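Enquirer: Mind having a look at this structure? Questions to follow.
What follows is calculated from the coordinates using simple rules that are stated; it is not laboratory data. None of the values given here were measured: they were computed from a predicted structure. Using ideal geometry, Cβ is built from the backbone for each residue, glycine included, and neighbour counts are taken over all protein chains shown.
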Amino acid sequence: MKTKQLAMIALATLIPIGSAVADYPSKPINYIIPFGPGGESDITARHQQPFFKEKFGQDMVISYKPGGGGAVGWSQLNSAKGDGYTIMGINLPHIIVKPMQKDVGFKTEDITGVYMFHYTPDALVVRDDSEFKTVQDVIDYAKANPGKLTLSGSGKGTANHLAQIRFDDMAGIKTTYVAFKGTGKAVAALLGNQVKAQWGYTSVGAKHEGKVRLLAVAMEERHRKFPDVPTFKELGFDLVSGAYRGIAVPKSTPKEVRVQLSKMIGEINADPEFRKRMENDGMALLDVDYAGYQAFMDDKIGIYGKAARDAGVVK
Amino acid sequence: MPGIEYLLDALTPINVLLALGGVIAGTIIGSLPGLTATMAVAVLVPITFTMPPASALILMGAIYTGAIYGGAYAAILLNTPGTPSAIATTFDGFPMAKRGDGDLAVTLACLASVIGGLVGAAFLLMLAPPLADVALAFGPVEYFWLAVFGLTLISALSEGNLLKGLIGACFGLLLACVGVAEISADIRFTFGSQTLLGGIETVSALIGLYCIPVLIDLVATPDKHLKVTHQPRGFRFLESVAISWKHKLNLLRSSVVGTLVGILPGAGGSIAGLVAYSEARRSSKRSEHFGKGEPEGIQATESANNATVGGGFIPTLVLGIPGTPPDAVILGALLIQGVRTGPNLFTSEGSIVFTFIYGLFLATILMLPVGLIIGRYAYKTIITVPKAMLVPTVGFMTMIGTYAIRNSISDVVIMITLGVVGWVLNRFGYSPSPIVLGLILGSIAEQGFVQAWTIGAATEDLVGMFFGRPISLAIIALILLSLFYPLIRSRWLGGTRRKVRAD
Amino acid sequence: MQTDNHSPPAGRDVGGMVMAVVFILVAAVSLWDTTTMADADSYVFPRAIAIAMIAFSIALIVWNLVRPSPDDGSPVEGASTPRRVGLVAAMLIATALMPYVGFVISGLAVFAAIMGFAMYDPWTRFRVIVYPLVGAGIVVGFYAIFAELLLVPLPTGLLFD
């Protein structure tokens, strides 16, 4: 194993840069998740892993660099070697909101995204036996009892929290957001009747089928797994949001490699079996490639920047 | 016995082999400070995709069980919890090892772990769906009070100077705040430093605060690390069985405590061990010997932390909410394999679940011979290796282990720094255990408090929130009991005024 | 060390009191840092703890002034301070060098250094040859297990990558 690696490094130094793209990838790719194992970022990467191997013949080795809500990993991204063999998962709104709060060692524009491959849409979730049957029920209750409607969600300055802020604003209501550490604990609080509803994700509906109901999802169109759940758009609220995930490379990565990698992730995304597995877990696929990344980010920076200021997580 | 028809499925040669291999690997991984069960399980995930789900679960469950037990070795022999679950094992384990009873301590830990593991697995087998509701009944305020209950151990750990213990605990609680706040998204106490941005990782702090001071003192004198007063005495197995039988109630109670705490998502083995230790100390006739090498202390923590394995699987499998961090990884692996967790899992996918549970029993039983043999070897190694080899090996392992937890050099720097701080503080009578207690319980206490306060304020019932819920009241009663029980008992026994302090 | 020690030697726990002052300073710095936080959820808890820490520290100092108690820390007499400092310095330097020279080299260096500090027996010819060899085996062996088996991305250093 050791000698093989050494031989490869020796080989890699001999081959001129120009042909680097032609045989890329010629060795295993190190895919760093800036969170711990077991989370949704990890699970989606694990979904990609076998397809990468199958299509491109090289292993995708997943490792973790948790800490600071992802900030530790992202702040070190650009110091990694830019040869296309180190890639890192990126998450929205994290990479937008975190640098707005304090110096976290990276800026949003420092991150070179090559592909945003999916998002887990925000959803308004209630217990199966809840008195709330529709979004309108929730709004009516909140109007009659301002501030008394408690909703759990994962963390502050997160997709859940910003969705709550934006929805309250659109519907003209005031609710109380209770932040938990991670979606798992937010669901536990909902199921245990500690809160009345939850700002969660479509994946919550998939994971806890039969125990929770989704009242609406923050998508452009209805989710294939939940054909009976309306979108917020249908109900008159322009709320399309969620936890977006993508892949970034160190800044020093050559443009050809970025484009090549973007194409490869797109190919995995187009695989019907991959799509089916992701959608079964309640996720929604997204195809923002390297060319479209900047425009996509500019749009989100505007939306999340405002919501974060409204939420008070940014001074 | 539910699902007994799957017992034979668990006993296929391949599953027995996986259970055995898993326990061996897990025990070794757990004994190395820094290598945690979570990491071991995460590394295995891609391999398990090629296996049937039940076998994959057995392998991961076996590794997990072994790792929790393996944590006891380093705790007993090096004063360093190999995993956070073994924190309370150091309290009595290391004093026992120092006076020459390290072999006995290791064997006692092995027996206790097996019993705890079996009790936890039995609850998982018999009562999983109803017990999962316990996880849901625990709201933010209950977690807050549970953390406070854990903090009452300070009074026990700072024998002689309660004020120093309290100051140390506050220091630990502040350390827990460093970095990006877990729920409120602020960045605290980093003072612009990139090193502190990720916060203080619990395991690396444990290694620093417990292990580095031991190393610092080891290099300073030519004395042996552990006292060896005797000829090798084998496993001291019968002696351990006798002690275990004598304290069977303690073992049983601690196992039940461990299972129940394991069910609570986010509490985990470290808190289970601390709560069980606290209860064992309170109800023991020899409570004043706790912390000075009392076998009952080791039995309590080791049975409790292994019981969390079975307990933690209860919410994981029934609710799809992971009970402990390794459970989160296992749950993720199951999701990718297309196994849907939920109450129906026990009926619709009984072949997977029950095969796995019987596999867990098997792995736990296999831990007895495996644990005894590896433990014996570990003890022999530690007492025979010359100091000039032992210290650099342990020092090097603290570095590589700390790095591996989050692949972070900053964590190594923090670990060494905390080690020096811990050594200096100990020099002035501030012992590291209250600091560690604060560090571990800090985020649970803070989150529980903030959430309970937010909900209580929203529903305009803060008093009812904190003092009006039955489970909360029960925990508050336990807190008061553990604080004042020594006082009550000494009054009861006719008032010798020892141990009663003015504060 | 015990409270029921009825014949405490005269004297005050000066070290404990000095540390209490240090803790008050730590708490004060923490309190100051909480003013930069935006969300009430973030500062309520640390503020309460910092205030409690100041209160306990003041109580400890006052208590010691009112009722002198002996130093209950662990003694350092009869031990080698240079070796202690050397151990910690070796570990810190090796960690600092890790990103530049890679894990294996810094690991070998720290192992050798600590071995020197922990050596009390004479360096016989056997030890001179065998100890470093075994040490190198341990470092390289652990490196191999972590990097290849557990897939930990240990720093390889600038020289080799």
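Enquirer: Expressed as a whole percent, how much of the Cα-Cα distance distribution for segment C:81-160 exceeds 20 Å?
Expert: Of all Cα-Cα pairs in segment C:81-160, 40 percent lie more than 20 Å apart.
Enquirer: How many percent of DSSP beta bridges within chain A run antiparallel, rounded to 5?
Expert: Of all bridge pairs located within chain A, approximately 60 percent are antiparallel.
Enquirer: Based on the Cβ-Cβ distance of residue B:473 and residue B:245, what FRET efficiency does E = 1/(1 + (r/R0)^6) give at R0 = 41 Å, to the nearest 0.05?
Expert: It comes out at approximately 0.70.
Enquirer: Taking the dipole about the Cα centre of the protein assembly as shown, with the C-beta of Lys and Arg at +1 and of Asp and Glu at -1, give me whichever of B:470, A:262, C:138 is farthest to the positive side.
Expert: C:138
Enquirer: Quantify how much of the Cα-Cα distance distribution of segment A:215-315 extends past 18 Å, in percent.
Expert: Summing the P(r) tail past 18 Å for segment A:215-315 gives 62 percent.
Enquirer: So how do A:199, C:32, C:63 line up by other beta-carbon neighbours within 10 Å, fewest first?
Expert: Going from sparsest to densest Cβ surroundings: C:32, C:63, A:199.
Enquirer: State the three equivalent ellipsoid semi-axes of chain C, derived from the C-alpha gyration tensor as the square roots of 5 times its eigenvalues, in descending order and whole Å.
Expert: Working through the eigenvalues yields semi-axes of 43, 29, 12 Å.
Enquirer: Give the peptides C:137-149, B:207-219 in descending order of average Cβ contacts within 10 Å, highest first.
Expert: Averaged packing, sorted descending, gives the order B:207-219, C:137-149.
Enquirer: Let me ask something else about it. Divide, for segment B:154-226, the radius of gyration over alpha carbons by 2.2 N^0.38 Å, where N is the residue count.
Expert: Scaled against compact globular proteins, the figure is 1.44.
Enquirer: Of all alpha-carbon pairs in chain A, indicate the percentage at a distance above 35 angstrom.
Expert: 23 percent
Enquirer: Further question on the same structure: Calculate the spin-label point distance for residue B:4 paired with residue C:51, positioning each point 7 Å from the Cα along the beta-carbon direction, and give it in nanometres.
Expert: 6.2 nm
Enquirer: Another one. Cβ under 14 Å from residue A:231's Cβ, residue A:231 left aside: what net charge do those residues give with Lys, Arg +1 and Asp, Glu -1?
Expert: That works out to -2.
Enquirer: If you don't mind, another one. Can you pull the one-decimal nm distance between simple spin-label points at residue A:294 and residue A:309, each 7 Å off the Cα toward Cβ?
Expert: Taking the two extended label points, one gets 2.4 nm.
Enquirer: Can I ask one more? State, as an integer percentage, the relative contact order of chain B based on alpha-carbon contacts under 8 Å between residues 6 or more apart.
Expert: Taking the mean separation of contacting Cα pairs over the length of chain B, I get 29 percent.
Enquirer: So, one more: Using +1 on the beta carbon of Lys and Arg, -1 on that of Asp and Glu, and nothing else charged, what's the dipole of segment C:29-136 about the Cα centre, debye to 20?
Expert: Here the size comes out at about 460 debye.
Enquirer: Which FRET efficiency value, to the nearest 0.05, is calculated for residue B:288 and residue B:348 with the Förster distance at 35 angstrom and r the Cβ-Cβ distance?
Expert: 0.05
Enquirer: Quick one: compute a quarter of the convex hull surface over the Cα atoms of segment B:370-441 and quote it in nm².
Expert: It is 7.0 nm².
Enquirer: Looking only at Cα atoms, what is the convex hull volume of segment A:121-217 per residue, in Å³?
Expert: 80 Å³
Enquirer: Moving on to the next point. What pairs in A:185/A:207; A:98/A:306; A:107/A:156; A:207/A:306; B:98/B:164 have C-alpha atoms more than 22 Å from each other?
Expert: A:207/A:306; B:98/B:164
Enquirer: What number, in nm² with one decimal, is the all-direction average of the projected area of the convex hull of the alpha-carbon atoms of segment B:102-174?
Expert: 7.7 nm²
Enquirer: Between residue C:130 and residue C:80, 0.36 nm times their residue separation minus their Cα-Cα distance comes to what?
Expert: My answer for the length gained is 15.4 nm.
Enquirer: Also, I was wondering about something else. Quick check: net charge around residue A:43, other residues with Cβ under 12 Å of its Cβ, Lys/Arg +1 and Asp/Glu -1?
Expert: In short, +1.
Enquirer: Calculate how large, on average over all directions, the projected area of the Cα convex hull of segment B:21-157 is; give the answer in nm² to one decimal.
Expert: Hull-based average projected area comes out at 10.1 nm².
Enquirer: Rounded to the nearest 500 deg cm²/dmol, what is the calculated helix-only ellipticity per residue at 222 nm for the protein assembly as shown, with -39500 (n - 2.57) per DSSP H run of length n ≥ 4?
Expert: Per the formula, -20000 deg cm²/dmol.
Enquirer: Which value does Rg/Rh take for segment B:4-502 over its C-alpha atoms, Rh per Kirkwood?
Expert: We get a ratio of 0.95 for segment B:4-502.
Enquirer: Can you tally the net charge around residue A:139? Count Lys and Arg as +1, Asp and Glu as -1, for every other residue whose Cβ sits under 12 Å from the Cβ of residue A:139.
Expert: Net of charged neighbours comes to -1.
Enquirer: Continuing with the same structure: What distance in nm separates the simple spin-label points at residue A:252 and residue A:109, each placed 7 Å from Cα in the Cβ direction?
Expert: Rounded to a tenth, the inter-label distance reads 2.2 nm.
Enquirer: Could you give the spread of the C-alpha atoms of the protein assembly as shown along their three principal axes, from largest to smallest, in whole angstroms?
Expert: 81, 71, 63
Enquirer: I'd like the FRET efficiency for residue C:92 and residue C:59, computed as 1/(1 + (r/R0)^6) with the beta carbon distance as r and R0 of 30 Å, rounded to 0.05.
Expert: 0.30
Enquirer: Which whole-number percent gives the relative contact order of chain A, counting Cα pairs below 8 Å spaced six or more residues apart?
Expert: The normalised contact order for chain A reaches 25 percent.
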